[in-house]
Structure formats: C-alpha cells, structure tokens
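See below for the structure under consideration.
The values are calculated or read from the model by the stated rules, or taken from the named source; none is laboratory data. As the structure is a prediction and not an experimental result, all values here were calculated from the model. Glycine gets a Cβ as well: all are built from the backbone with ideal geometry, and neighbour counts include every protein chain shown. We work out accessible area using only protein heavy atoms, side chains counted, and drop any ligands, DNA or RNA first. Shrake-Rupley method; radii C 1.70, N 1.55, O 1.52, S 1.80 Å.
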Amino acid sequence: MDLSRFIQYIASGTAYTLGVTIIALPSGLILGIIFAIIYVYGGKIAARIMNFYSTIMRGIPPIVLLFILYFIMSGSINLTPFWAGSISLGIISSAYQMEIIRGAILSVSGGQMIAALAIGMSRMQAIRYIILPQTLRLAIPPWSNEAAIVIKDSSLVYALGVPEILRRAQLISASTQQPFLAYTTAAFIYFVLVLITNTLLGRLEKRLRIPANP
Amino acid sequence: MADWFNLLVRFFDDFLVGAMVTLELTAIGLVMGFVLGLGLALSRAYGSKPLRWFATGYIELFRGTPLLVQLFLIYYGLPSLGITLSQSVSAYLALGLNSAAYQAEYLRGAILAIGNTQMTAGRAVGLSRWQTIIHIILPQALRLAIPSWSNEPILLLKSTGVVFLIAVQDLMAKAKRAATQTYNPIGSYLAVAVVYLAMVFALNALLKLLERRARIPGFELAGKKGEI
Amino acid sequence: MANHILTIKNLTKIYGDNVIFEGIDLTVDEGDTIVIIGPSGTGKSTLLRCINLLTKPNGGQIWLDDLEITAADVDEDNVRQHIGMVFQNFLLFNHLTALNNVKLGLVKVKKMDKAAAETKAFQELERVGLSDRAHHYPGQLSGGQQQRVAIARALAMDPRIMLFDEPTSALDPELIGEVLEVMRKLSLAGMTMVVVTHEMGFAREVADRIVFMEKGSIVEQGSPDDLFYRPKFPRTREFLWKITELYGKKEEEA
C-alpha cells in the first residue's frame, strides 16, 4: 500500500476523534459551568454534593468510568459506541471542568458581587453579567489544558471499537505489517490536533484580555 | 448495579492481585518519570541550546500525544525496528516516559522559582555551577515542588488503567475477566472503581503527609495542589 | 416615617461574640449630608452596609422614606436600586469600560432602552468629569478616576440617598482632592448623603451634621461647629482634634 493511502486511512479516523471531542468538550463545559455555579452559590448542602461528585468522578480512572457509563448507556438506551463514548467522556470531563471554573469563580474578587448587588442587581444577574464574564476569561489557560486532555482521552474510545485514529492505525498496521509507521502517524495527528487547539485558545485568550496599563 | 459489592467480595483475591500490579506500575512509572523528568528539567533550566531544544521537544511530544498511542507505539511498533519488549516492560516504559514529561514541568517550575538569586549566592561563595545546583537549588526546589507535584502520582495511578489493552494483568484486566465470567460488566467495573478510589484516597493521604513533613515554613509556591 | 428619607431605629449588629454596634438611632432628611467619623473598627462601615441591606442587622429597623426595608417580605434588590453606594476599593466591574460600568445597571436593572441608557451614562460621566475616559477600562484609570466612575455608576441609578464608605482611604494623597470635589458638588446640589470618612476638612466644610461613633454607639452628633467648638464629651474633642492634626492640616497647607 502506498504511503498516501496509508496516511489517508489513518487520517480518516480524525473525523471520529474530532466528533468525540466536539461532543464531549462542550457538554462537559455546559455541565461544568452549571455545577460550578451550584457549587459556589448553591449553599452548604449543594456544595457537599458537588464536592462528592467531584471526588468520585476525578478519583476513578477515566477508562473505568468510560466503561461503566458506556455499559449503562448502551444497556438502557440504544446508543452506538460513538455516542455512548462521547457522552461518557463529556460527563467525565464535566467534573474536571467544574473544578476549573469553580477555581476561576473564586478568583474573581468577592467585591465584584457586592458592587453588583449594590446597584440593585439580583444574585443571578450578578453571576450572569459580572462574575461569569470575568470567570471565563480567567479559566482559559487551565481550560485549554483540559481541552488537550479530552482530545487525548478520546483515544480511549478505541476500547469501545470506535473507528477513530488509534483503531485505524491498529487495523492498518495489521494489514501492512508497518506498526511503527502506523502508530507514529497516529501520534503525529494527535500532536497536530493538540497543537492547533492550544494555539487557537492562546489567541482567544489574547483577544479577550481586558486592557490595563502596566 | 448494586451487586458490585458481591462481585467485589467474590473476586477479591483477583482484584487484590490486580491492584498490586497497578501499584507496581505506578511506582515504577513514577520513579522512572522522576529521574528522567529531573534530567529534562535541569536540561531546560541549565543546559546548552541543543540540550534545551531536545528537552523541550521531548516534553511537547509526550504531553501532546495520548498515553495509549505511546504504549502501542512501544509495544507494537518497536518490534518492527528490532526492539521487542514484553508487555510489562512496555508498560513501565510508556508510563515512565510519559510521566517524565509532566514531572519535568513541575520540577522546572520550582527550579525557576528558586532561580537566579540562589545560583548567584552559591557561586559567590565559591561553589561551582553543578555544586550549587546539587547542594543549594535542588534541595529547595524539590521541597517547593511537592504541592503541585503531588498531582502526578494520582494522575499516574489513574492512567495505568489503559495498560490492560496490551494484556498486562492489572486491575482493569481483572475487571474485564470478572465481567466476561459473570456477564455483569457494570457490576464488575463498579467494583474495581471502588478499589481504585480506595487506592487514590490512600495515596492522597500519603502525599498530604509528605507535604506536611517537607514544607519549609514561610516558603511556598502559589501552590496548585489538587488542581488537575 | 414622616418626612425623613432615612430612619434608623435601635439597630444592632453582632458577629459571633462581638457586638459591632447596638441601639443605633439615626435620621437623615432630604438634602442632608451626614458625615460619620470615629476610630477604626467601630462599625461605621458595617452600619452603612446594613442600610443598603448588604449585611443583615440582628435587631432594629430601617425605613427608606415610608418603607420599612428591614421587614421580612421586602424585595432587597429593588431597595438597593434606590440606595447608591460607593466603596473604599471602588469595585468597578473589571471587564467593562467606564461607560458600560455606568450603563449596565440602567439596562439590566432599570430596564432602560439601550440608547437612552447610553445617553444617561454619558451624562453621569460628564458630571464627574470623565466623559473623555468613557471607553477606558478600570485597569487603564487612576484610583481617583476609578472612584469617580464608581460615583457616576451609583448616581446613574437616581438613588434617594448616596452612601460613601471611606471613599478616599484607598487613594494616593494627590488623588483624594478630585474625589472630594465631586462629593462636595454633589452635596451642594442637594443630594442626600451619608459619608464615612477620616477627611476632617471635608467634614467641616460640607457636612450638615457630623456623627461621632465609638465602640459601637453614637457618642454625639451635631453641626460641625457644635462638634468642633462645643463638644459635649471630652472624648469627642480628643478624637476630633487628633484627627484634624493628621488630616485637617493638609487642607490648610494646600
């Protein structure tokens, strides 16, 4: 098999890898934001529950959680491995993203909330217009770390049989007896994906930066 | 689902053996990663240009690609270059090389924080560069790094979970066996999840102890313990 | 009650074992400028925060005009629209320009139309002399400028009463003047104000009434002349003249 077809075959798995990431990362973000708001502003009992959720979800290896969630989902609802895997990764990521956003919320000074209340805003309004906009800016650096992790963890759905990059590399290495080349290609593609993501997020951070005189 | 407990009891011996393997993988990966990571950190902080480039390249590569791919590359890929390694050795190697890249960053951060002033002080007293690094900078840097570094053992423990995919008989492998024997995948993996949690808690407690013992009073990094 | 803008009756605040203040009675009429002075830690700031319900008192009542704002069923957010507050640390919204800082409350709380809100916001910035900095971010403004924007932000809500919590304490000395000047003009224009400050020059010149608080209660209150020249308690005289030595002299030298 010539080189270009070889690479093409593996690269076509990128669609699946990207698909998994595009489902997992944003769903993790939305859940993470909601959970973080509940954690910080929801009172003592809510905070305890969120803390428990965080400890459990971050204490169990992602591969184990992936399998558990996958089997639960494919058992009850009829989901393909791709969807079950993606949603599972999203749920797993939400615990990490919750911690990131929570950390960022806590970094926004408490005075901002007080100032918002002082002009008659409700708490919800303050969170939405004052706290969150500042939080999301602060969260970008640790979040781009998490984005890279989700891209890399998407390789775990290999174990569910999803024909993403790694699975394709394995299939083609078996048929062409070129495992080193196959896995190196796979590694290279992941590397490029992570690089692009980090670069884009770095630019986003620069764009959103609030101007200040040194 | 709730029968995870029964499964845990039934396969306890098996799971225990698997857990031991997991811990072994973690320990070896951690130590390897530390030695190599320290070398990389020192290279980046004090090395010549080519050495710095190599270290940076290594770190970017290993942090920019999935552990699972690295594992497969070592176990399945190297043989075609004439290097055939057993499953266990491949696992140790992958975990160690991978962990080194992350540990290098924690250590480098601490070294930079100690930085130039201490180097100046050491040289001023007449120590050579190398002596200053070993006797002045590293002792402080290593202790300073502990809060942020202690993320790594736990991350490593969790990441060992993938090695069962090259048939290393760790805890996940035992879970899979239990699942195929009992046709109860959810219960089996839940049972192991509990075991992993127990290991993580224990490791966490150990690390907190280490942190407390090693702390230099009044001297802390804006430490990011607990942030993953 | 009656025609006071602000009525405080028997107000008490306790934190754990500490009595911050107890049995505070105070009334403020329309157009009054009240300056509260006293040693640090006597609960002056806490008192201010109770007035706009940022802190809940443990006992006593507060009325804004005819409404008892300490009642259980009161809509606090609504009440705060009518009480303006300026903080020691400015507390501008970091991610918004000066203009948007002032405009936000108009659009989101008063539900004004965006164009109208923008016009009004500009007017308020004009009032404090900062319309040329409308599109600057807090990080690009000096402390004095930030505090003036904070004043504009509070004024934009057309409050019944303005509260100032040590507005110049966090400012470099050369920036204090511009803020006090804005406050002085505001007072002359008839705004009802309660100011906690150490700036004795300001108190003497601008206050209609000075309230001296110590150890959680009001020691005495009266016109500036009363307190400075005919104080009823030796403690009052001690405090006033010591503080004037520290702060007042600056005004004379200037």
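Dividing the mean sequence gap of close Cα pairs (under 8 Å, 6+ apart) by how many residues the stretch C:18-69 holds gives a relative contact order of 25 percent.
Placing +1 on the Cβ of every Lys and Arg and -1 on the Cβ of every Asp and Glu, with nothing else charged, gives chain C a dipole about its Cα centre of roughly 380 debye.
Rolling a 1.4 Å probe over the protein chains gives C:Asp77 an accessible area of about 40 Å².
Screening chain C for whole DSSP H helices of 18 Å or more along their axis (Cα) with average Kyte-Doolittle hydropathy at least -1.0 returns C:114-127, C:143-156, C:173-188. Rounded to the nearest 10 degrees, the angle from helix A:81-107 to the longest Cα principal axis of chain A is 30 degrees.
Entry comment: accessible area of chain A is 44 Å² per residue, from protein heavy atoms only and a probe of 1.4 Å.
Taking square-rooted eigenvalues a ≥ b ≥ c of the alpha carbon gyration tensor, is chain C rounded, prolate or oblate, where a/c under 1.5 means rounded and, failing that, a/b exceeding b/c means prolate? Intermediate values should be presented prior to the final figure.
Details: a/c = 1.88, a/b = 1.24, b/c = 1.52.
Oblate, since a/c reaches 1.5 and b/c is not below a/b.
Computed from phi, the 3J(HN,Hα) profile of the stretch A:156-167 under the Karplus parametrisation 6.51, -1.76, 1.60 (θ = phi - 60°) reads 5, 5, 3, 5, 9, x, 5, x, 8, 3, 5, 4 Hz, with x in place of Gly and Pro.
Computed over the Cα atoms of the stretch C:38-85, the ratio of the radius of gyration to the Kirkwood radius (Rg/Rh) comes to 0.98. Counting only other chain Cβ atoms within 10 Å of each residue's Cβ, the peptide A:174-185 averages 4. Accessible surface buried by the B/A pair amounts to about 3000 Å², both sides summed, 1.4 Å probe. Bridges between two residues of the protein assembly as shown, per DSSP, are antiparallel at a rate of about 55%. Diffusion coefficient of the protein assembly as shown by Stokes-Einstein, Kirkwood radius over Cα pairs, 10 °C, 1.306 mPa s: 53 µm²/s.
Each peptide in B:49-57, A:20-28, C:38-46, A:203-211 receives the mean, over its residues, of other Cβ atoms within 10 Å, and ordering these scores from highest gives A:20-28, C:38-46, B:49-57, A:203-211. Mean separation of Cα pairs under 8 Å and 6 or more residues apart, divided by the residue count, gives the stretch A:1-129 a relative contact order of 35 percent. The lysine pair tally for chain B, using Cα distances under 17 Å and a gap of 8 or more places or different chains, is 5. Angle, helix B:171-182 long axis vs. longest principal axis of chain B, Cα atoms, 0 to 90°, nearest 10? That works out to roughly 10 degrees.
In straight-distance terms, cross-link reach from C:Lys108 covers every one of the lysines whose alpha-carbon lies under 21 Å from its own, apart from those fewer than eight places away in the same chain; here that gives C:Lys120.
Expressed to the nearest 5 percent, the antiparallel share of DSSP beta bridges inside chain C is 55 percent.
Mean-square fluctuations from a GNM of chain B, with a 10 angstrom spring cutoff on Cα atoms, peak among B:Ala113, B:Ala175, B:Ala202 at B:Ala202.
Here the contact order of the stretch C:1-128, divided by its residue count and restricted to Cα pairs under 8 Å and six or more residues apart, works out to 21 percent.
Against chain B, whose longest principal axis is taken from its Cα atoms, helix B:87-124 shows a tilt of about 20°.
Counting Cβ atoms of other protein chains within 10 Å of each Cβ in A:152-163 and taking the mean gives 3. Counting protein heavy atoms only, chain C has 46 percent of its accessible area on carbon and sulfur, 1.4 angstrom probe. In terms of its C-alpha gyration tensor, the stretch B:91-198 has a prolate overall shape, because the principal axis ratio a/c (a ≥ b ≥ c, square roots of the eigenvalues) is not below 1.5 and a/b outweighs b/c.
Counting only other chain Cβ atoms within 10 Å of each residue's Cβ, the peptide C:93-100 averages 5. Put simply, the C-alpha atoms of the stretch A:140-203 give a gyration tensor, and the ellipsoid matching it has half-axes of 27, 13, 6 Å, longest first. Ignoring lysines fewer than eight residues from C:Lys215 along the same chain, the ones with Cα atoms less than 27 angstrom from its Cα are C:Lys9, C:Lys13, C:Lys44, C:Lys56, C:Lys232, C:Lys242, C:Lys249. Given the stretch A:1-121, what whole percent of its Cα pairs are spread farther than 23 Å? The answer is 47 percent, as a whole percent. In the frame of its principal axes, the stretch B:33-132 has Cα extents of 53, 23, 22 Å, reported largest first.
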